[in-house]
Amino acid sequence: MTEGVQTPPAANAGFTPRVFSGIQPSGQLHLGNYLGALKRFADAQERGVQSIYCMVDLHAITVWQDPADLRNATRELAAGFIASGIDPEKSILFNQSQVPEHAQLAWIFNCVARLGWMNRMTQFKDKAGKNAEKASLGLYAYPALMAADILIYHATHVPVGEDQKQHVELTRDIAAKFNHDYGTDFFPMPEPVIEGAATRVMSLRDGSKKMSKSDPSDASRINMTDDADTIAAKIRKAKTDPDALPSDAKGLDGRPEARNLVNIYAALSDSTVDAVLHEFGGQQFSAFKPKLSELAVDRLAPISTEMAHLMQHTDEIDAILGRGAARAREIATPVIKQTYEIVGLVGS
Ligand code: ATP
Ligand code: MG
């Protein structure tokens, strides 16, 4: 995270720096989630900024989820957070549906956000595809709920992958319009924090599509729970071009699959694209891919082992999420109360 976390921008003067981010329990955690989100959450936590991390189960059900799978995915996601280094005592870790203030604020924001804004959201277009008429109303309203997730905690920084930048910008628009319409400065303007060499990890099958939990092809992603052989097989089969690796970053232009694998290597080794190409420039993928597999296994194996261990005690995971939700509500309850007062909703 940048120094910006310690020094909030002028618009957020008066707000305590606070990090919020969420992940959907909509399937298997993958390398993109790790490099674009989880790994960076752990870094943020170590910098001592108050951090709130959420399993956004209400977002997951914007597309149909089998109830038993959803329950299991929520717990496995919690295990993924903890195994990636999120300490539920230091950070606040919980699932969204246990804190009803998210949904309450989302309704207010449904009344603040404009249809024109929502119509520009590329995630809805990507996920609804050609069949937008059949998509759920929830999928369309998703960004207003995400704005509520962030603003119910007056969060100032939102570490996300590149794909969520537009939604965080919409969150700022919603905060600004609310503040303007009600003549207040109640909500901060949260900053997206998008950093590192792998802010958009691409599908292993198609360098123009991002790696996603919801991609029907398991070969498109490296799951955090894949074993060493599966990881090696997926990387071996990953789409590439016939040329050798270039010796500088410019040589990756027009080569999305090559760029993706180099970005992944750089992010996993806490290095840079230039340093990776300095080492591997001129080599064929047949030489680079085994090195990449070795590195991916080396980084992911301890996490997946710990996840499996944690999943043997789901009652403990549920207890952690319950405690996290109680702590989250201590922040969220006064914020929704004040929001209702500002809006003119009568209550005691
Ligand atoms: P779904 O396909 O259900 O939307 P997802 O894989 O996109 O799942 P999310 O839960 O939507 O995962 O996103 C969780 C976090 O991971 C967000 O911060 C998002 O920006 C980040 N993220 C998701 N995919 C990638 C990716 N391919 N590269 C980098 N970051 C990613
Ligand atoms: Mg997503």
Q) Roughly how many debye, to the nearest 20, is the charge dipole of the stretch 205-318 about its Cα centre, given +1 on each Lys and Arg Cβ, -1 on each Asp and Glu Cβ, and no other charges? A) 600 debye
Q: Among G207, P190, T171, flag the residue with its Cα farthest along the positive direction of the charge dipole of the stretch 151-240, charges on Cβ as +1 for Lys/Arg and -1 for Asp/Glu.
A: G207
(Q) Need one word for the stretch 118-199: rounded, prolate or oblate. Basis is the Cα gyration tensor (sqrt eigenvalues a ≥ b ≥ c); a/c below 1.5 gives rounded, then a/b vs b/c decides. (A) oblate
Q.
Ignoring solvent entirely, what values of log10 I(q)/I(0) come out of the Debye formula for the stretch 1-112 at 0.17, 0.24 Å⁻¹ when each Cα is a single scatterer?
A. -0.91, -1.33
**Q.** Neighbour-limited loop hits for chymotrypsin sites (Phe, Trp or Tyr not before Pro), the stretch 1-100 (at most 12 other Cβ within 10 Å; DSSP other than H, G, I, E, B)
**A.** W64
Q: Note down the magnitude of the dipole of the stretch 109-202 about its Cα centre, charges +1 on Lys and Arg C-beta and -1 on Asp and Glu C-beta and zero elsewhere, to the nearest 20 debye.
A: 420 debye
(Q) Using the Kirkwood formula on the Cα atoms of the stretch 247-346, what hydrodynamic radius do you get, in angstrom to one decimal? (A) 17.9 Å
Q: Report the antiparallel proportion of the DSSP beta bridges in the chain as a percent, rounded to a multiple of 5.
A: 10 percent
Q: Could you pull out the chymotrypsin sites (Phe, Trp or Tyr not before Pro) across the stretch 244-329 that fall in loop regions by DSSP (anything but H, G, I, E, B) with no more than 10 other Cβ atoms inside 10 Å?
A: none
Q: Averaging sequence separations of C-alpha pairs under 8 Å and six or more residues apart, then dividing by the length of the chain, give the relative contact order as a whole percent.
A: 23 percent
Q) About the Cα centre of the chain, what is the dipole size in debye to 20, counting +1 per Lys and Arg Cβ and -1 per Asp and Glu Cβ, all else neutral? A) 760 debye
Q: Please report, as a whole percent, how much of the solvent-accessible surface of the chain comes from carbon and sulfur atoms (probe radius 1.4 Å).
A: 51 percent
Q: Using only Cα positions of the stretch 147-261, each an equal point scatterer, no hydration layer, compute I(q)/I(0) via Debye at q = 0.13, 0.17 Å⁻¹ and quote the log10 values to two decimals.
A: -0.68, -0.89
Q.
Under the rule a/c < 1.5 gives rounded, and otherwise a/b versus b/c splits prolate from oblate, where does the stretch 62-178 land using the Cα gyration tensor?
A. oblate
Q.
Taking only the Cα atoms of the chain, how large is their convex hull per residue, in Å³?
A. 145 Å³
Q) Hey, what's the stretch 190-348 come to in accessible area per residue, 1.4 Å probe, Å²? A) 50 Å²
Q | the stretch 162-201 - Rg and Dmax from Cα coordinates, angstrom | A | 12.9, 41
**Q.** FRET efficiency estimate (nearest 0.05) - Cβ-Cβ, D227 to A287, R0 30 angstrom
**A.** 0.80
(Q) Only helices at least 30 Å long along their own axis, judged from Cα atoms, and with Kyte-Doolittle mean hydropathy of 0.5 or greater: name those in the chain from DSSP H. (A) none
Q | Value at 222 nm in deg cm²/dmol, rounded to 500, when DSSP H runs of n ≥ 4 in the chain each add -39,500 (n - 2.57) | A | -15500 deg cm²/dmol
**Q.** Lysine pairs with alpha-carbon atoms under 30 Å apart, the stretch 33-145, spacing 8 or more or separate chains
**A.** 4
Q. If amide H atoms are built 1.01 Å from N in the plane of the peptide, which residues on other chains or at least 5 residues away come under 5 Å of the amide H of R200?
A. E162
Q) For the pair E133 and A308, how long in nm is the line joining their label points, each one 7 Å along Cα→Cβ? A) 4.8 nm
Q: With the cut-off at 19 Å, report for the stretch 107-165 the share of all Cα pairs above it, as a whole percent.
A: 34 percent
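The values are calculated or read from the model by the stated rules, or taken from the named source; none is laboratory data. Everything numeric here is computed off the predicted structure, so don't read it as measured data. When we count neighbours, we look across all protein chains shown, and the Cβ atoms used for this are built from the backbone with ideal geometry, even at glycine. To get the accessible areas, we keep the full protein, side chains included, count just its heavy atoms, and leave off ligands, DNA and RNA. Shrake-Rupley method; radii C 1.70, N 1.55, O 1.52, S 1.80 Å.
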